Structures are given as C-alpha cells and as structure tokens.
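Heads up, the thing below is written out as structure tokens.
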Ligand SMILES: O=C(O)c1cc(=O)[nH]c(=O)n1[C@@H]1O[C@H](COP(=O)(O)O)[C@@H](O)[C@H]1O
C-alpha cells in the first residue's frame, strides 16, 4: 500500500491527525530508564505503545539516535512499530538534501534500512536531489517548505522571480511541489504551525489533497486551532500535526507514560474539535 493510501486509511481508522515526534533527548528521559542506547530504545518503544491509540503515526528524528550511535535501536524501533502498529505511518525526519548519487544512498537508508513510509527532505539543492527518492513509488517524500523556526524567514520569505512569477521562495517551493515534482503522487510539504497565514497560503497553492506535515505546536508555541483551520482552508483535507517534546516530556517521573498519553489524547481531541467546528472530516 502506498504512503498516501496508508495515510487516508489510518486517518479514518484512528480518527487522528496527530503524529508523535520521537526526539529522545537523553538528558530529559526519566531516570528510571537506563542512560544508554538500550534505555533510549525502551523509552521510545514505551512512548509508542502508550500513545498509539491517539495518533496516526510517528516521526522519529534521526539526529537524536545518530548522535548517540543508536541507529540499531532506531531500526528496532521502526521494526517494533511495523510489527505492533502496522496501520500507523512512520515518517523518518532526516531533512536530507544532497546530489543525486548521494541522495540515492539516503533514500536506501530511509526506505530500506529503516523501512520508513516517508522521509523529510530539504529542497535547497533542487529537483535532482529529490528525484532519487521518487524511485520508491510507494513511499512519501515530505519537502521542507515553510519551516517553523524563526530563521526560516532568512531564505524562505525572500521574494524570487521564477517561472511562476514573483513570489516568496516558500510559495515557489509549494508551486514546484504540486506542478512539477509530484511525479509519484506521494509528495507532502512541511509547513510550521508558527506561521498559520503561510499554512493557508501553501494550502491555496497546492490544493486540498497534498498532506501538510505541521510541526511547531506544543513546545514551539504554535496555535493549534489556527493551525488546523489554516491547513483545512481552501477545501484542505490532509494534515499531519506533529508534537514531540510536549508529549514525550509531559512528566519526567515514573508516570511519564500516563502523562504522555493524556497529552496525546487531549491534543488529538483538540484537533478533532477544531475540525468539527469548521465542518470537516479527515478524508
Ligand atoms: O521537519 C520537521 O519535522 C520539522 C520542521 C520544522 O519546520 N520545524 C520542526 O520543528 N521540525 C521538527 O519537528 C519536531 C518539533 O519538536 P517539538 O517542538 O518538540 O514538538 C522536531 O523534531 C523538529 O526537528
């Protein structure tokens, strides 16, 4: 089953557009987990199992694992998700971007080694740095468009003159993504919750069906209601709202799993209440 079909099915089954971001910071993991790569695996596996009822998928951030030399643990975590929660999606957050031959190795890493349903990529080096990922016709490629960080404006908000006229760089990326780059039909875009106006603008450009992966609620302070409303504007129906630290570290004590699942449930409910308020369904 391809990424977009799996997404539609999981939104329907779980009634949730929430992604749990797996960003295991060893300095914040509760102390009843061992301060080792095995402890990181145990913490992430337990978080996955505790939050699985309330999410549509997981977004492991590769840097948190690689920095610890915990790639094998990330492989095992992805295997665990596939085995225990096969309907939920895994988006490997790697934000890769390199020339084609190297990009192919990154694609093998994401799709073969970790078995991810989709991967985040950086479009700075242009289409030939994204093309190798599209060889995996059933996997998703989520392109950075308008990122949640303040420095995102340094480049993404610049005005550029391109084949589609004068516009901001993030608008140009969104236009390329829907007009030229979506050969596999499995593309999505990253747009930060900290910029609801731009979420709406991206939705206007790409149309209703392209999934928007939206980080920046919770710890980064993005407004959840404004985010959902913007993502579903212009007939939009496809959204993935990520939250990492606000869920993972809801409690630093022995009750961390209960606290995390409570925050996940409440976040899912708030997303769904907003969806209902504006009269939409996920699919
Ligand atoms: O691609 C991403 O996931 C991403 C893009 C972006 O614009 N902003 C952003 O915060 N992220 C990631 O989303 C997660 C946000 O984590 P929290 O702020 O803890 O919810 C981190 O893993 C970031 O690397």
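No value in this document is a laboratory result; all are computed from the given coordinates. Since we're looking at a predicted model, the values are computed, not measured. Here Cβ is always computed from backbone atoms with ideal geometry, including for glycine, and neighbour counts include all displayed protein chains.
Just one of the numbered conditions (1) within 18 Å of the chain's Cα centre (by Cα); (2) part of a helix (DSSP H, G or I) is not true of residue 171: (1).
Within segment 56-71, is even one residue surrounded by 15 or more Cβ atoms within 10 Å (Cβ to Cβ), more than 13 Å from the ligand (Cβ to nearest atom) and part of a helix (DSSP H, G or I)? Step through it out loud before you land on a result.
The initial filter retains those residues of segment 56-71 that are surrounded by 15 or more Cβ atoms within 10 Å (Cβ to Cβ), namely 56-62, 64-65, 68, 70-71.
If we keep only those that are more than 13 Å from the ligand (Cβ to nearest atom) too, we end up with 56, 68, 70-71.
Checking which are part of a helix (DSSP H, G or I) leaves us with 71.
Within segment 56-71, one or more residues are surrounded by 15 or more Cβ atoms within 10 Å (Cβ to Cβ), more than 13 Å from the ligand (Cβ to nearest atom) and part of a helix (DSSP H, G or I).
The residue pairs whose first member lies in segment 18-29 and is closer than 9 Å to residue 43 by Cβ and without any contact (Cβ under 8 Å) to a residue 24 or more places away in the chain, whose second member is part of a loop (DSSP other than H, G, I, E, B) and more than 9 Å from the ligand (Cβ to nearest atom), and whose beta carbons are closer than 8 Å, counting only pairs six or more residues apart or on different chains, are 29/35.
In segment 104-149, which residue that is assigned to a loop (DSSP other than H, G, I, E, B), more than 19 Å from residue 6 (Cβ to Cβ) and without any contact (Cβ under 8 Å) to a residue 40 or more places away in the chain is nearest to the ligand (Cβ to nearest atom)?
The first filter runs over segment 104-149 and keeps only residues assigned to a loop (DSSP other than H, G, I, E, B), leaving 114-117, 122, 126, 130, 135-139, 147-149.
Still in the running and more than 19 Å from residue 6 (Cβ to Cβ): 122, 126, 130, 147-149.
Next, only the ones that are without any contact (Cβ under 8 Å) to a residue 40 or more places away in the chain stay: 122, 126.
Working: 122: 9, 126: 19 Å.
So, considering only residues that are assigned to a loop (DSSP other than H, G, I, E, B), more than 19 Å from residue 6 (Cβ to Cβ) and without any contact (Cβ under 8 Å) to a residue 40 or more places away in the chain, the one nearest to the ligand (Cβ to nearest atom) is 122.
Scanning segment 264-276 for residues that are exposed (fewer than 15 other Cβ atoms within 10 Å of the Cβ) and either closer than 24 Å to residue 9 by Cβ or touching a residue at least 12 places away in the same chain (Cβ under 8 Å) (or both), we see that the one that is nearest to the ligand (Cβ to nearest atom) is 269. Taking each residue of segment 206-218 that is more than 16 Å from the ligand (Cβ to nearest atom) and looking for partners that are in a loop (DSSP other than H, G, I, E, B) with beta-carbon atoms closer than 6 Å, six or more apart or interchain, yields 208/236; 208/237; 209/238. One residue alone among 92, 68 is within 19 Å of the chain's Cα centre (by Cα) and touching a residue at least 24 places away in the same chain (Cβ under 8 Å), and that residue is 92. Among all positions in segment 72-89, there is at least one residue which is within 25 Å of residue 147 (Cβ to Cβ), within 16 Å of the ligand (Cβ to nearest atom) and not in a helix (DSSP H, G or I).
Give the number of residues within segment 27-45 that are surrounded by fewer than 21 Cβ atoms within 10 Å (Cβ to Cβ) and either closer than 17 Å to residue 76 by Cβ or away from the ligand (no atom under 16 Å from the Cβ) (or both).
Applying the first criterion (surrounded by fewer than 21 Cβ atoms within 10 Å (Cβ to Cβ)) to segment 27-45 yields 27-28, 30-39, 42, 45.
Next, only the ones that are either closer than 17 Å to residue 76 by Cβ or away from the ligand (no atom under 16 Å from the Cβ) (or both) stay: 30-39, 42, 45.
Qualifying residue count, segment 27-45: 12.
Being within 15 Å of the ligand (Cβ to nearest atom) and without any contact (Cβ under 8 Å) to a residue 24 or more places away in the chain is a property that holds for residue 154. Among the residues of segment 225-238, not a single one is more than 18 Å from the chain's Cα centre (by Cα), touching a residue at least 60 places away in the same chain (Cβ under 8 Å), more than 10 Å from the ligand (Cβ to nearest atom) and assigned to a helix (DSSP H, G or I).
Scanning segment 239-263 for residues that are touching a residue at least 60 places away in the same chain (Cβ under 8 Å) and either in a loop (DSSP other than H, G, I, E, B) or more than 20 Å from residue 25 (Cα to Cα) (or both) turns up 239, 240, 241, 244, 249, 251, 252, 253, 254.
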